[in-house]
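Below is one structure; the comments refer to it alone.
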Amino acid sequence: MHVGVFLDFPRHGRSSDAEAFQESLGLAQLSEELGLDSVWLAELHFYPAVSVISSPLIVASAIAASTKTIKVGTAVEVLPLGNPVRLAEEVATLDNIAQGRFEFGVGRSGAATGYVGYGVPYSESTARFWECLDVIRKAWTQQSFSYDGKFYHYHNVTLAPRPYQSPHPPIRIAANSPDTFPGAAKEGLSLFIGLRGVPTVLKERVASYRQAWANEGRPGRPDVSLRLPVYVAHTMAQAQADPKEGALSFYRDFVAKIFKEPLPDLTQAENDERAARGQRLENVTYEDILKTDTAYGTPEVVTQRILELKEELGLDGIVAEMNFGGRMRREQVEASMRLFAAEVLPNLR
């Protein structure tokens, strides 16, 4: 089972942006030292009190240049906010720096603040995503290419450099909405998934993805990795107390507000639906979070929880979110990572 770590470079409680960067870059280094397989980087725009990682490809390049064995990935690059040819160039450059240790995680993000700030209509996010991805793959796999789409237009473009990996870095898509799962299988993409309170529904959607993969006649087993909040301590009391503030803050103060903010390019019905979802998230209890969305506990409890999820969802990997909500201190996160690597990780391989 592939085991990685998710880093979103939290800003809360840090004295400066510089401290936030140095802390999370240090955790990336620690991940390699502890024998973890990969580090995955968020992309978040215009939330200065929450996170400083708005340019994950630059951060991934820094991590790749300062490590030797650990893989680096984006979780995820928000494709509709970028120019696809520029992204193709930058990812190919990064792939060469990492010498094949890079994986391209992509998505369109539910955080619409980035779209507002970039001046991109959120209502176009799905169409822009698939068109952007199509351009990127053509740029990587064709000697020169032309493209005439709804949003992007290019004529006789030749990419340099070419990706280090052939034909290009592995591509993994974050899937949440039901139509994304079979869509990912149709495109031959690996999956990122998250629990977020709906494990039963998630199991059904993963099954639809695997069935669609088979229906497409694709060889091999499609890869599914779960992003999972993880915290390990020597006692259950500590394991549940330390991450409580961050977990509640993530839902009530961050995600709930994202969905409750109306977007000018959406219909009233669409905004009402988003607002209702935000209200549900705002009312979530810590007991709900512990029951469905996390793996918090002693090494034995966390091991059992992960293995149960592996069996239930048919997982190929997990991406452990070691500071869910970004409210824990560096020393708490490091202690949890070390205990996880020493007493949980050996049971997952």
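Just so you know, all these numbers are worked out from the coordinates, no wet-lab data involved. Note that the structure is predicted; figures quoted are calculated from it, not measured. Note: ideal-geometry Cβ built from the backbone for every residue, glycine included; neighbour counts use all protein chains shown.
For the reader, a short list of remarks on this structure follows.
- Think of each Lys and Arg Cβ as +1 and each Asp and Glu Cβ as -1; about the Cα centre, that makes the dipole of region 2-348 roughly 300 debye.
- Hydrodynamic radius of the chain per Kirkwood, over alpha carbon pairs, in Å: 20.8
- Between the Cα long axis of helix 268-282 and the first principal axis of the chain there is an angle of about 30°, rounded to the nearest 10.
- Over region 35-112, the fraction of Cα-Cα pairs per 5 Å bin, rounded to whole percents and listed from the shortest bin up, is 3, 16, 27, 25, 16, 9, 3, 0.
- Reachable lysines, given that their alpha-carbon falls under 21 Å from the alpha-carbon of LYS257 and they are not under 8 places away in the same chain: LYS244
- For the pair ASP179 and ASN83 in one chain, pulling the backbone fully straight at 0.36 nm per residue adds 32.1 nm over the alpha carbon distance.
- Note on region 27-186: antiparallel DSSP beta bridges, both residues inside, total approximately 20 percent of the bridges counted.
- Only Lys, Arg, Asp and Glu carry charge here, each on its Cβ (+1 for the first two, -1 for the last two); on that basis region 9-162 has a dipole of about 220 debye about its Cα centre.
- Take every DSSP beta bridge whose two residues both sit in the chain; close to 10 percent of them are antiparallel.
- Translational D in µm²/s for region 289-340 (Stokes-Einstein at 20 °C, 1.002 mPa s, Kirkwood Rh from C-alpha pairs): 178
- Compactness index (Cα Rg / 2.2 N^0.38 Å), region 223-325: 1.25
- Region 147-166 versus region 127-142: alpha-carbon centroid distance in Å: 7
- Packing-based ranking of 263-274, 42-53 yields 42-53, 263-274, ordered from highest to lowest mean Cβ neighbour count within 10 Å.
- For region 193-309: relative contact order, % (alpha-carbon pairs under 8 angstrom, 6 or more apart): 36
- Normalised by 2.2 N^0.38 Å, where N counts its residues, the alpha-carbon radius of gyration of region 207-268 equals 1.85.
- With Cα atoms, 0 to 90° folded angle of helix 199-215 axis to the chain main axis: 30
- Measuring nothing but how far apart in sequence close Cα pairs (under 8 Å, 6+ apart) lie, relative to its length, region 2-348 scores a relative contact order of 18 percent.
- Along each principal axis, taking the top coordinate minus the bottom one, the Cα set of region 58-175 gives 41, 34, 22 Å in descending order.
- Entries in LYS71/LYS260; LYS138/LYS186; LYS71/LYS203; LYS203/LYS291 that, when Cα-Cα distance is taken, lie over 24 Å: LYS71/LYS260; LYS71/LYS203
- The calculated FRET efficiency for the pair TYR154 and TRP130, based on their C-beta separation and a Förster distance of 25 Å, comes to about 0.95.
- With K and R counted +1 and D and E -1, the other residues having a Cβ less than 12 Å from that of LEU281 yield a net charge of +3.
- Computed [θ] at 222 nm, helices only, for the chain once each DSSP H run of length n ≥ 4 contributes -39500 (n - 2.57): -14000 deg cm²/dmol
- Helix 125-141 and the long axis of the chain differ in direction by around 70°, with both axes built from C-alpha atoms.
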